[in-house]
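The values are calculated or read from the model by the stated rules, or taken from the named source; none is laboratory data. Computed from a prediction, not measured in an experiment: that's the story for all the values here. In this analysis, Cβ positions are derived from the backbone assuming ideal geometry, glycine residues included, and neighbour counts consider all displayed protein chains. Ligands, DNA and RNA are excluded from the accessible area calculation, which covers all protein heavy atoms including side chains. Shrake-Rupley method; radii C 1.70, N 1.55, O 1.52, S 1.80 Å.
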Protein chains: 2
Amino acid sequence: MKFYFTALAFFCLLFANAQSVASPSGKINVDFTLNIEGTPIYTVSYKNKPVITQSKLGIELKEQGALTSGFKILSTTTRMVNKSWKPVLGQTATITNHFNELLVALQQQESGIKINLVFRVFDEGVGFRYEFPKQDKLDYFVISAENTEFNLAGDHKTFWIPGDFDSQEYVYNETRLSEIDNDKLNLNNGISVKSIGGRYVVQSPLMMKSNEGLYINIFEAAVVNYPVMHLDVNTKNFNLTSRLVPNAIGDMAYLQAPCTTPWRTVMVSDDARDIVAQKMVLNLNEPSKIEDTSWIKPMKYVGVWWEMHVSKSTWDYSGTQDAAQKVTDKPRPHGATTENVKRYIDFASKHGFDGVLVEGWNVGWEDWFGHWKEDVFDFVTPYPDFDIKEISDYAKRQGVKMIMHNETSGSVANYERRLDRAMETMVQYGYPAVKTGYVGKIIPRGEFHDGQAMVNHFNYVPQRAAEYKIMVNSHESSRPTGVQRTWPNYIAAEAARGNEFNGWSSGNPPAHETILPFTRLLGGPMDYTPGIFEIKMNVYDPEKTEQVHTTLAKQLALYVTIYSPLQMAADLPENYEKYPDAFQFIKDVGIDWDDTKVLEAEPGDYITIARKEKGSPNWFLGAITDENARNTTIRLDFLEPGKKYKAIIYKDGKGADWQKDPINYAIETKTVTASSKIKLKMAPGGGAAISFMPVTNN
Amino acid sequence: MKFYFTALAFFCLLFANAQSVASPSGKINVDFTLNIEGTPIYTVSYKNKPVITQSKLGIELKEQGALTSGFKILSTTTRMVNKSWKPVLGQTATITNHFNELLVALQQQESGIKINLVFRVFDEGVGFRYEFPKQDKLDYFVISAENTEFNLAGDHKTFWIPGDFDSQEYVYNETRLSEIDNDKLNLNNGISVKSIGGRYVVQSPLMMKSNEGLYINIFEAAVVNYPVMHLDVNTKNFNLTSRLVPNAIGDMAYLQAPCTTPWRTVMVSDDARDIVAQKMVLNLNEPSKIEDTSWIKPMKYVGVWWEMHVSKSTWDYSGTQDAAQKVTDKPRPHGATTENVKRYIDFASKHGFDGVLVEGWNVGWEDWFGHWKEDVFDFVTPYPDFDIKEISDYAKRQGVKMIMHNETSGSVANYERRLDRAMETMVQYGYPAVKTGYVGKIIPRGEFHDGQAMVNHFNYVPQRAAEYKIMVNSHESSRPTGVQRTWPNYIAAEAARGNEFNGWSSGNPPAHETILPFTRLLGGPMDYTPGIFEIKMNVYDPEKTEQVHTTLAKQLALYVTIYSPLQMAADLPENYEKYPDAFQFIKDVGIDWDDTKVLEAEPGDYITIARKEKGSPNWFLGAITDENARNTTIRLDFLEPGKKYKAIIYKDGKGADWQKDPINYAIETKTVTASSKIKLKMAPGGGAAISFMPVTNN
């Protein structure tokens, strides 16, 4: 059976209980019904295969009781939308928003409370949410629980991290659903603050693969004025239930009708590439609230940062802290000195980088971490050896932008009361962007990084920053859910285990970056900080055993496989100068795109992506593998037909291996066309990066 | 036995267990010892009569355990201080700080943790506190309980209000200690948010009178970075124990050594006037942290305020709310219109007032209260009928200052993140002062008005306001404990049941204002908003039964008996114009003082105070009584000897009575000298006010 929709037309199917809505292609189908108790039930299928079996929907209110049963259907409405829009920064110049919608208006018979359940079915998957219309029976209310079920059809292979209310910076576990168990995790993982919500609670985006080869992803979109949703897994029957993050007194969300919850999303395809390429998360968010976006620009940057992570210098002026925030008895030099910063500015200017980030420039780092301390930083006072005026003038002369750093140490109360002053300082010295940080337990005390108050904070900072025309890159925030469509100056976030963990912890296993496009990156750009060339940390200290878990070539490929309009060349200038030919790729690679092609993808194994730079004929390709070597042949049919391109291929050298010989790379130059193929041989933990630039006829 | 002290000399009485220290006069004595368990014990006596019998001292730490026993004395040190200082604004030009101090350095033998107990004994009473010196065994710590005991020697008569963590706006109960019981209170009292800490928990300042005629007061001073201390009363044995106000997760205070608790104070005298006149609370606070205090000035003001309380107009533009924050179906005009405000400015200018307060000037009042809503006000956007530019220009031309109003509705998170913007708006339009308000449950949610975070907020706003040279008058704050010495721009607070309750609730019984000088006013100036001439609310609406529980003459006397450098003439301009002769006293009365004489005082019964205006030869006297009529004769020996003064006596008229005939007043003019006496006849709920101005020889 097939539904026919007319754009923006409304159908009222009154008194019908079971309702169906299909994706534009017809492959995905959602069925909705009320069961005998009047409980809302939905299912999702893909090509007639069950994806979500009968699952309940419901919300519990603190004062008005449970909105979980006793409902009747007041009306149902369907509509089709097919529109396109242009993101300010993005992976493609244009995004198509095409879905069929089913709105079921419900009323709980006893309480009289009305809610709407809205399903939007895209070809990529399903988004649904609860809406609380304006009504007499419900004005202000407190959500005490959300009981959204996602009952899965099998014991899928799952890429999961624990449902920690304070951090997502975990290594992904790859197990069956039935094997999920946070108690079995090794938590000696470099994460400082952990608040795991329960033994079987995991985070979304939760990426799964069924025995039948279906790729299924459960996530959410547009988390605004609501806590993050984690998922409580029943490892026996593969039922998942939403687990909201509570506030200090155990409440989940404070709302006022009319309002909505975030969208709960179920993406599904038999082609893994469709998950990576999805746009439905962005489409489920509100359009930009910033009218003039001309000041929002992508940035490639370097920074006084990795040298602290590798213990060459320190954040604090007194030089007693190392990267793991332990006080050490071996004082090291302060990193953010005027002289050292100028060195980075010179380097950025010479190599065409847009920006320079400097951490540890401001007073407070001597005692910043781990004590739930409220007043650590004032965000405006530089250390005496950091001449902010001289530095910003110097950067201006060199044509380089400075990137501000505001570490809050989790004291949001302190940051908010100083936010205007912090931003005014940025405007005063011409900083167009700020990297924020939230390392530590949150103040107001009792709040979690993923609670409603913090979600609001993370959305609020870009909102206020927009008034100052400042872009925001937040670290240790709740993970993005496409809200950067609404606040396009929220150009990047961390919110996953970044490259930095390779510097001073057990690090990120080679498969890590092949999973991110199926999980964290579905929500938005990540400031992963790739580009580490000196892979092994023993170059800094013979006693160090830490290392990056990739080859050098794979570090280059990450600039393409990890989408972000803010990309760091994270290694030290002197390291790049050792490998100038490889460094050329980082200098060349685009960071904002007209088009993106996901060429190959398998979560946990490999991914290959090609992207066309915005407003340029150049294409760039990144291919990465996990701990296994991989050979592949790439057809270049994404290139403009008939055009000749010079392809510079940065690849793993013969015998390269992330562990044994990671820096071993080779560079090959070819002339290619859209009908060419390129064979790639990737080392264990390896990858390849290619730039394609049209051959000019002069 | 008497101790002899040398100023600033130190005595070390090592290895002695029992220690004593006496007040400079020798009347008050404190004994300290460790009991057999190594628990600190103190007693307080007055003229050898026990005031505090053997009482334990101790603190419980969340992680390091209980600091309640197992102590040894490391050393004891005594010193004497006798210095004087000049308050920026105050009741006297000079304040003498004269005390003997005993510092007992203790170490808990098992944990090795060191604390100091410091006792300062003034002639007015005792202040003591816990000090945590810098030490290896203690850096950051969390206080989970403070176990300070105040074991009283008898079943004293007590003036108490319940230990509410969110409000002090109660009528005082006058019972024996044994009769304290919050469960017996009528809580239909106009207070919107109540969080009473337990059945027998009461607030300090706790005023008592023993059967032997000792006036005893338990309070605290310098509450900084610490929650408010309430008192848990054992109604059987009259033992009181400190009860700190918790935060959202049940912790009391987050501290880092070196640090101190607030001072716990026990004031005692056999003359009630000594309690009222005490200066030890101020003396126990830190000196001013504001260097240039030239911009801190007393203010007498009128305002668009009482007309909302009596339902003539509304705070909100849409005109649907009344004074009790109930939505009503009788829309009334918006109060804060440009036209109406100009009327107040004209009135202020004509009668020599310094300022005009306007409430309801800014958007948000339509839905501001009672829903724990976070974003209510932005503190900068006026209603369309309030032309802030025109009004501030007009006020300037008329020589009148505008007083800003920032109601937060308890959403401190919202206020703090907008505080700079709010203050910049004040500077932009030349407002030198702000009245802040905190009506409602606190956000961050789970915090109480009296918790550490909120105490810090209330101290922080004046601190930040000082950067803008703005004075602060906070309503619904935690009650002052002398911190205005440190931040002298914190010129007034409410923090008790103010006159406004008489407008729309059961009100304040006639005894109320005779108790305030023994309780709330010990901590600092109160913005009581006296001066209501139209005593009965039926003048506005024949159905209204509310009334002010005083005569008109008593309203005048309150300008003297209630100390505040910020005093409102709270009634409507048109009401003052009806009684211009009585209004003259409000126009004449001083608000900042060179000297203050408490002439008569009995808590709950009466009080008479005379004050000399700062930098002027004029004296003013206020005398009030409770529900009982009172005759008294006042000797004028406080006046300058040999000088003739014109005394204008504003008194209750014949047959005046707060209930039956409250507006009935008489004015008498006399010439008097320091050797004159004045007989005063006060009506039930009545009072008298007198101005003394030197007779000029022209």
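As an equivalent ellipsoid, region A:193-268 spans semi-axes of 25, 17, 10 angstrom, where each value is the square root of five times an eigenvalue of the C-alpha gyration tensor, largest first.
Close amide-amide hydrogen proximity is noted between B:LEU244 and B:GLU146, B:HIS230, each under 5 Å apart and 5 or more residues distant or on a separate chain (H modeled in the peptide plane; Pro and chain starts excluded). Legend: P(r) of region A:584-633 from all alpha carbon pair distances, 5 Å bins from 0, whole percents, reading 5, 19, 26, 19, 17, 11, 2, 0. Adding -39500 (n - 2.57) for every DSSP H run of four residues or longer, then dividing by how many residues chain A holds, sets the calculated 222 nm ellipticity at -4000 deg cm²/dmol.
For B:PRO298, neighbours were defined as the other residues whose beta-carbon sits under 13 Å from its Cβ, and their charges (Lys and Arg +1, Asp and Glu -1) total 0. The local environment of A:LYS677, defined by Cβ-Cβ distances under 12 Å, has a net charge of +2 under the rule Lys, Arg +1 and Asp, Glu -1. The slack in the chain from B:SER195 to B:THR381, taken as 0.36 nm per residue of separation less the alpha-carbon distance, amounts to 63.7 nm.
Oblate is the label for region A:496-595, because a/c, from the alpha-carbon gyration tensor with a ≥ b ≥ c as root eigenvalues, is 1.5 or above and a/b does not exceed b/c. Between the helical axis of B:388-397 and the dominant principal axis of chain B, each derived from Cα atoms, what acute angle in degrees is found, rounded to the nearest 10? That works out to roughly 80 degrees. Looking at the square roots a ≥ b ≥ c of the eigenvalues of the Cα gyration tensor of region B:546-646, which shape do they give, rounded for a/c under 1.5, prolate if a/b is larger than b/c, or oblate? Oblate. With all protein chains in place and a 1.4 Å probe, the accessible surface of the protein assembly as shown carries 48 percent carbon and sulfur.
Per-residue surface analysis assigns A:LYS469 an accessible area of about 100 Å², computed on protein heavy atoms at 1.4 Å probe radius. The charge dipole of the protein assembly as shown, taken about its Cα centre with unit charges on the Cβ of Lys, Arg, Asp and Glu (plus for the first two, minus for the last two), comes to roughly 1100 debye.
Compactness ratio for the protein assembly as shown: Cα radius of gyration over 2.2 N^0.38 Å (N = residue count) comes to 1.04. Using only Cα atoms, tell me the angle between helix A:552-561 and the longest principal axis of chain A; keep it within 0 to 90° and round to the nearest 10. Result, in degrees: 40.
Calculated on the alpha-carbon coordinates, the convex hull of region A:511-698 measures out at 115 cubic angstrom per residue. Mean per-residue shielding of peptide B:247-253 is 3, counting Cβ atoms of other chains within 10 Å of each Cβ. Sorting the segments A:363-370, B:383-390 by their residues' average number of neighbouring beta-carbon atoms within 10 angstrom, most packed first, yields A:363-370, B:383-390. In sequence order, region B:36-46 has phi-based couplings of 4, 7, x, 8, x, 10, 9, 9, 10, 10, 10 Hz under the Karplus curve 6.51 cos²θ - 1.76 cosθ + 1.60, θ = phi - 60°, and Gly or Pro positions carry x. Cross-link list B:LYS554/B:LYS677; B:LYS289/B:LYS401; A:LYS654/A:LYS677; B:LYS114/B:LYS134; B:LYS644/B:LYS670: which exceed 18 angstrom alpha carbon to alpha carbon? In this structure, B:LYS554/B:LYS677; B:LYS289/B:LYS401; A:LYS654/A:LYS677 exceed 18 Å between Cα atoms.
May I ask you to list the aspartates and glutamates whose Cα is less than 14 Å away from that of A:LYS209, ignoring any residue fewer than eight positions away on the same chain? Partners within reach: A:ASP155, A:GLU174, A:ASP270, A:ASP271, A:ASP274, A:GLU602, A:ASP605. Take the convex hull of the alpha carbons in region B:409-457; its mean projected area over all directions comes to 3.5 nm². Buried accessible surface for the A/B chain pair comes to about 2300 Å², total over both chains, computed with a 1.4 Å probe.
The listed peptides B:593-601, A:409-417, A:635-643, ordered by packing as a protection proxy, come out as A:409-417, B:593-601, A:635-643 (highest mean of other Cβ atoms within 10 Å first).
Note on region A:424-521: Kirkwood radius taken over Cα pairs, Stokes-Einstein applied at 25 °C and 0.890 mPa s, translational D equal to 165 µm² s⁻¹.
Annotation: peptides A:120-127, B:124-131, B:548-555, A:74-81, ranked by per-residue average of other Cβ atoms within 10 Å with the highest first, follow the order B:548-555, A:120-127, B:124-131, A:74-81.
Proximity of backbone amide H atoms, modeled 1.01 Å from N, is registered between A:GLU494 and A:SER474, A:HIS475, A:GLU476, A:SER477, A:ASP527 at under 5 Å, excluding neighbours fewer than 5 places apart on the same chain. Could you give the distance between the Cα centres of region A:408-482 and region A:619-689, to the whole Å? Using only Cα atoms, the two centres lie 39 Å from each other. Accessible area per residue for region A:298-418, computed on protein heavy atoms with a 1.4 Å probe, is 35 Å². Here the 3J(HN,Hα) profile of region A:77-91, calculated from phi with Karplus coefficients 6.51, -1.76 and 1.60 at θ = phi - 60°, is 9, 10, 7, 10, 10, 8, 9, 10, 8, 10, x, 5, 10, x, 8 Hz, Gly and Pro shown as x. Residues of region B:408-434 whose accessible area (probe 1.4 Å, heavy atoms of protein chains only) drops by at least 20 Å² once all protein chains are present, relative to their chain alone: B:GLU416, B:ARG417, B:ARG418, B:ASP420, B:ARG421, B:GLU424. Rounded to the nearest whole Hz, the Karplus-based 3J(HN,Hα) values (6.51 cos²θ - 1.76 cosθ + 1.60, θ = phi - 60°) of region B:673-690 follow the sequence 9, 4, 8, 6, 10, 10, 8, 10, 10, 9, 6, x, x, x, x, 8, 10, 9, with x at glycine and proline. Counts of other chain beta carbons within 10 angstrom of each beta carbon in peptide B:451-457 average 2. May I ask for the net charge around A:LYS279, where only other residues with Cβ less than 11 Å from the Cβ of A:LYS279 are counted and Lys, Arg are +1 while Asp, Glu are -1? Net charge in that neighbourhood comes out at -2.
Taking the Kirkwood radius as the inverse of the mean 1/r across Cα pairs, report the Rg/Rh of region A:39-121. Dividing the radius of gyration by the Kirkwood radius yields 1.11.
Reported value for chain B: 156 Å³ per residue, from the convex hull of its C-alpha atoms. Modelled label positions at A:ASN35 and B:ARG176, each set 7 Å beyond Cα in the direction of Cβ, lie 6.4 nm from each other. Dipole orientation for region A:562-698: of the candidates A:PHE638, A:GLY686, A:ASN664, A:PHE638 has the Cα lying most toward the positive pole (charges on Cβ; Lys, Arg +1; Asp, Glu -1). Treating r as the C-beta distance of B:VAL695 and B:ALA93 and R0 as 22 Å, the FRET efficiency rounds to 0.40. Answer rounded, prolate or oblate for region B:285-495, using the Cα gyration tensor with square roots of eigenvalues a ≥ b ≥ c: rounded when a/c is under 1.5, else prolate when a/b is larger than b/c, else oblate. In terms of gyration-tensor shape, oblate. Distances between copies of A:ASN211, taken at a point 7 Å out from Cα along the Cα→Cβ vector and listed shortest first: 8.7 nm.
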